[in-house]
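Derivation of every value follows stated rules applied to the coordinates shown; laboratory data play no part. The structure displayed is predicted, hence computed values, not measured ones. When we count neighbours, we look across all protein chains shown, and the Cβ atoms used for this are built from the backbone with ideal geometry, even at glycine.
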Amino acid sequence: MLEETLVLFRNIRTPGYDGTLDSYRKAGGYQSLPKALTMQSEEVIALVKEAGLRGRGGAGFPTGLKWSFMAKNTGKPSYLVCNADESEPGTCKDRELMLKDPHLFLEGMMIGCYALGCHHGYIYVRGEYFPAIKSLNKALDDCYREGILGPKLLGGDYGLDLTVHTGAGAYICGEESALLDSLEGKRGHPRVKPPFPAVAGFNSCPTSVNNVETLTNVTAVLEMGADAYKNLGSPNNAGTHLVSLSGHVNRPGVYEVAMGVGLRDIIQELGGGVRGGKQLKGVIPGGSSSPVLRADEIDIAYDFDSVGKAGSMMGSSAIMVFDEDTDVVKLLHRISRFYNHESCGQCTPCREGTHWARQLLRDFLQNNGSERKLNRLQRVGRNMGGTTLCALGDAASMPIVSFLKKFPDDFRHYYATAS
Amino acid sequence: MEVFYIDDQPVPFEKGEKILSAALRAGLEIPHFCYHPALSVVATCRMCLVDVTDLGNGRPAPKLMTSCSTDAMPNMRISTKNDKVQEGRELVMEYLLVNHPLDCPICDQSGECTLQDHSYAHGTGHSEMEYNKRVYGWRDIGTFVQLERNRCIHCSRCDRFTREITGTDEFGMFNRGHELTLDTFSDRAMTNHFQGNMADICPVGAITEKEFRFKRRAWKLRKVPSVCTGCSTGCNITIEHDRNEVLRLKPRENQDVNQWWMCDEGRLTYQQMNEREQRLAKPMGRVKGKLLQVTWQQLYDAVADRLEALKPNGEQVVALVDTHSTLEEMFLLRRLLQEVFSSDQVFYSQQDWAQPESEFFIETLITTDKAPNQAGARLLGLKGSQEHDIINVMKSAKLLLVLGNPFINEQSLLDLAGTTELMVHIASRQSEWTDRADAIFPGQNYAEKEGSFLNKQEYWQRFWPALRPSRHVRPEWQILSELLHMGTATPVQQTPQFSQVFQQMTSIEHKLFGNLALEKLGESGISLADLRQQSDTLAQTA
């Protein structure tokens with residue numbers, strides 16, 4: 001029987017825990033930060049590197065490595081910006097952390113700031129997350145009042161300020177360079193890379209952009225030590241991760257599991273199986289942009305590398321399950337509509353392609369499909385991938401290509417009947 | 001300099017330079033829309049994709065790279081012609097045309113449209129798009145340029161232009177995805193003085209000049225390099241004309257003078273070149289108090305006769321010169337007074353001038369001195385009106401020569417002109433002087449003649465004739481040469497060449513102009529400071 005491995009959720013799963021500073025302290029909080037402050041900042045980075053922590057935002061890039069790329073001795077301030085613009089459809093894990101255990105996350109962020117030598121950190125929260133924003137702001141107020149944050153971090157001689165910045169609800173602002181543009185007060189447009197944010201990010205200063213869950217994991221790494229943390233997961237995929245399980249399962253929700261547990265086990269045992277005793281049709285394993293897996297393809301370990309090997313990606317660990325009655329054309333149309341709506345419009349293939357694909361899919365839904373349109377849809381979808389400035393083009397492309405590949409018959413169902 | 005290879009051709013590059021800019025400098029063509037050398041790189045049109053077959057370390061790039069944003073590396077190998085690149089371009093072209101109205105037959109940009117060119121060169125010629133095209137509402141963004149958003153390919157050059165070049169920030173991107181549109185903020189009209197440049201940098205017909213709208217097809221236009229006469233900056237321009245009519249002026253790149261730009265005021269000076277009503281079209285002489293049309297020979301003879309009778313001494317001869325006149329004309333006028341009348345009383349309207357101080361270079365293009373050649377008058381040693389009392393000198397004048405239309409706002413001078421025994425007006429346009437003149441020599445305007453100007457920074461630039469002038473008018477330099485010969489010897493019958501006049505000027509004033517031959521003063525001109533340095537080095541080595 002698969003059980004949750006509670007590291008980040010240990011407080012949240014404790015009955016009576018309410019996420020306030022008091023209860024967090026009672027649960028042993030703010031112990032890792034003092035530990036970090038006794039270390040050199042390079043030592044903290046080395047520890048995170050050794051723990052093998054990989055970014056939980058979607059790409060799975062090693063966090064320690066990212067931090068070590070930060071430009072040094074530039075004469076400019078450096079910044080840690082937390083990407084809390086959780087907007088990939090299906091993903092809702094960061095909200096849990098910010099809402100229910102903000103201090104655990106903030107402690108990780110403070111450790112990160114210290115490791116990077118930042119004296120000001122920004123938390124860019126998705127605009128629609130009103131309760132989470134409220135909870136974060138309250139937690140920050142408490143921290144300032146209790147002297148945890150401010151010119152003397154935990155009463156020491158390191159000064160740190162954290163600011164919550166709310167986005168305005170654009171998916172593209174979850175892309176790190178667009179997020180930085182938005183944070184600077186501009187229109188959120190992905191930037192040309194290089195220069196990467198580690199060299200020229202927020203206000204052209206060295207900047208690291210990290211996900212909420214990633215930073216929360218830093219607290220755990222400091223607490224447990226690198227080896228214990230590494231042992232939690234599978235090789236090269238250290239630690240636990242929060243899985244947002246949604247769709248046609250009996251118990252949808254956010255679960256914390258060790259990296260590398262079986263994908264089918266998560267659905268069957270944590271999710272309680274497919275709703276209404278129906279058959280599983282497919283799974284989108286890492287947020288709406290990841291290629292879909294058919295029911296017979298999900299007997300894999302759920303970590304970055306294994307899902308990648310299966311031809312998809314784990315992304316932000318958002319599992320969307322759909323049963324045998326699901327109309328995948330409708331599903332794909334809904335996904336395409338989303339990317340059409342959220343494309344920033346800079347790059348030609350994404351701006352024109354997302355809309356074109358949506359129009360083609362609408363044709364299918366109106367029983368106006370054809371073999372030609374199917375081929376065209378495939379071509380339009382494929383051509384968006386890898387040809388744009390940021391990953392939104394890929395995100396719009398992957399579902400189309402994979403749905404057409406995995407469920408071609410479902411589309412034929414919508415071919416125009418000659419009248 | 002290190003090199004990388006484009007299709008096996010070595011291309012030198014500077015450290016940190018991008019593939020596209022190095023390629024363009026080397027004269028190689030990589031199709032692009034959003035890249036402009038003056039603007040920041042956004043890499044969004046995706047047209048400049050190239051296949052990097054070797055990153056310089058033996059490994060190929062995993063996918064097609066945008067050459068505008070990829071650093072050139074030593075020994076990099078790039079293919080711009082292989083199938084992968086062709087396919088990439090076809091794809092971008094197809095996407096760009098998905099919502100483009102393809103209204104080329106009624107589009108002013110047609111014929112000089114980058115989208116059209118690239119579509120022919122790199123497109124597939126057909127589209128699988130079968131849905132209605134996107135249509136934006138009609139918007140008026142001001143007096144100078146026309147916005148036609150349906151044609152827009154969202155390269156954002158205009159947006160970046162107002163942000164980075166003029167700093168006026170009037171343009172912006174609105175909405176998202178396929179509804180993205182470029183427009184002015186809050187329905188306001190454009191206010192900057194450089195809007196014409198937005199039409200120039202717009203790769204398609206989304207922004208076009210209202211002045212040029214529906215006047216001529218672009219491929220009909222013939223182009224002649226010239227210099228703007230709107231102010232003392234002397235922006236390098238191209239006169240675009242057809243059927244002996246100037247249709248528009250476009251800036252010509254010159255990094256030392258105007259970079260890529262010119263102001264809207266300068267663009268409108270084309271109207272003066274086509275001006276007919278105020279034009280002095282035929283030689284005229286005053287007979288019994290009335291101005292009558294005469295032949296050139298009659299006019300020369302009459303002037304010679306009058307001078308014979310007057311015999312003015314040096315003090316009694318005054319010349320007023322417009323700072324719109326060319327260097328050669330000023331030189332000849334000065335020489336005429338010196339050699340024929342032993343006078344040095346050539347006056348020009350001296351102006352204090354200023355240009356805005358701004359962090360944006362383009363602002364400094366508009367100066368308060370609205371004449372192109374004040375620096376030339378100063379350099380040739382003509383007398384400035386601020387330092388000399390012209391009124392007193394004029395009181396004793398018997399012969400007054402007026403070149404162009406200077407001092408037309410100075411009533412006292414105009415009044416004194418009526419009292420001189422002989423007043424000669426050499427100009428292409430009528431003015432208050434014309435009414436007071438005894439002999440009128442009709443000249444030619446900038447679009448018709450040759451000449452050179454010295455701009456505010458003593459940058460020396462020449463211009464070429466574009467229009468065919470009427471057979472009744474002669475260029476001022478020719479009139480002045482003829483007057484000069486008339487005074488010294490028998491009237492010259494043979495028409496002088498402009499190059500001879502130029503050669504005379506540079507050899508007599510070799511200290512100023514370093515004996516430069518006309519052919520050496522190319523399309524981009526030369527700074528006098530540089531010229532002096534060159535001749536100094538030459539003198540030293542000799």
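Values as computed for the structure displayed
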| quantity | calculated |
| --- | --- |
| Rounded Å value of the spacing that divides the Cα centres of the stretch B:1-27 and the stretch A:157-190 | 36 Å |
| Cβ-based exposure ranking for A:Val243, B:Val303, in which fewest neighbours within 10 Å come first | B:Val303, A:Val243 |
| Average beta-carbon neighbours from other chains, 10 Å sphere, peptide B:66-72 | 2 |
| Counting all C-alpha pairs of the stretch A:164-208, share separated by more than 11 Å (%) | 61 percent |
| Percent of Cα-Cα distances greater than 27 Å, calculated over the stretch A:21-232 | 24 percent |
| Förster radius 60 Å - calculated FRET efficiency between B:Asp8 and B:Glu421 (Cβ-Cβ, nearest 0.05) | 0.20 |
| The protein assembly as shown, Cα convex hull volume normalised per residue, Å³ | 218 Å³ |
| Net length gained if the chain between B:Asp530 and B:Asp344 were fully extended (0.36 nm per residue, minus Cα distance) | 64.0 nm |
| Antiparallel bridges, percent of DSSP beta bridges restricted to the protein assembly as shown (to nearest 5) | 60 percent |
| Exercise: per-residue mean of other protein chain Cβ atoms within 10 Å, A:122-128 | 0 |
| Rg to Rh, two decimals, where chain A supplies the alpha carbon set and Rh follows Kirkwood | 0.99 |
| FRET efficiency for A:Lys309 and B:Glu90, using Cβ-Cβ distance with R0 set to 51 Å, rounded to 0.05 | 0.95 |
| Protection-proxy order for peptides B:509-519, B:419-429, A:292-302, each taking the mean of Cβ atoms within 10 Å per residue, highest first | B:419-429, A:292-302, B:509-519 |
| Lys/Arg +1, Asp/Glu -1 at C-beta; the stretch B:98-274 dipole; positive extreme among B:Leu182, B:Asn99, B:Val246 | B:Val246 |
| Residue-averaged 222 nm ellipticity for chain B, from DSSP H runs of 4+ at -39500 (n - 2.57), nearest 500 | -7500 deg cm²/dmol |
| Length released on extending from B:Ser499 to B:Val287, taking residue separation times 0.36 nm less the Cα-Cα span | 72.7 nm |
| Residue-wise HN-Hα coupling along the stretch A:362-373, computed from phi with Karplus coefficients 6.51, -1.76, 1.60 (Hz; x: Gly, Pro) | 5, 4, 4, 4, 8, 6, 10, x, 7, 4, 4, 5 |
| Ranked B:Ile141, B:Ile165, criterion: other C-beta atoms within 10 Å, fewest first | B:Ile141, B:Ile165 |
| Along principal axes, Cα extents of the stretch B:284-498, largest first, whole Å | 60, 40, 30 |
| Distant-in-sequence amide H partners of B:Phe347 (H built 1.01 Å from N, under 5 Å) | B:Ala319, B:Leu320, B:Val321, B:Lys383 |
| Inter-chain shielding of A:349-360 (mean C-beta neighbours from other protein chains, 10 Å cut-off) | 6 |
| More than 19 angstrom apart: percent of Cα pairs within the stretch A:1-117 | 56 percent |
| Pairwise label distance in nanometres, B:Gln540 with B:Lys81, each label 7 Å out on the Cα-Cβ vector | 4.7 nm |
| Scattering curve values for the stretch B:383-480, log₁₀ I(q)/I(0), Debye with Cα scatterers, q = 0.11, 0.15, 0.24 Å⁻¹ | -0.40, -0.72, -1.22 |
| Long-range HN-HN contacts of B:Ile237 with modeled amide H, under 5 Å | B:Ser226, B:Val227, B:Cys228, B:Arg252 |
| Built amide H within the under 5 Å cut-off of A:His165, gap 5+ | A:Ile123, A:Tyr124, A:Val125 |
| Taking B:Ile362, B:Ile526 and counting other C-beta atoms within 10 Å, the order from fewest to most | B:Ile526, B:Ile362 |
| Distance from the stretch A:283-347 to the stretch B:29-74 (C-alpha centre basis), Å | 31 Å |
| Karplus (6.51, -1.76, 1.60) ³J(HN,Hα), θ = phi - 60°, over the stretch B:512-528, in Hz, Gly and Pro reported as x | 7, 10, x, 6, 6, 7, 4, 5, 6, 8, x, 5, 9, x, 8, 7, 4 |
| 17 Å Cα-Cα reach of B:Lys210 towards lysines, excluding residues that sit fewer than 8 places from it in its own chain | B:Lys250 |
| Too-long pairs where the Cα-Cα distance tops 23 Å, listed order kept, from B:Lys15/B:Lys84; A:Lys93/B:Lys63; A:Lys309/A:Lys405 | B:Lys15/B:Lys84; A:Lys93/B:Lys63 |
| Hypothetical label at A:Glu184: residues of the stretch A:383-413 whose amide nitrogen lies under 19 Å (7 Å Cα-Cβ projection) | A:389-391 |
| Alpha carbon centroid spacing (whole Å) that separates the stretch A:21-92 from the stretch B:305-332 | 83 Å |
| Nearest-20 debye value, the protein assembly as shown charge dipole, Cβ charges on Lys, Arg, Asp, Glu | 1600 debye |
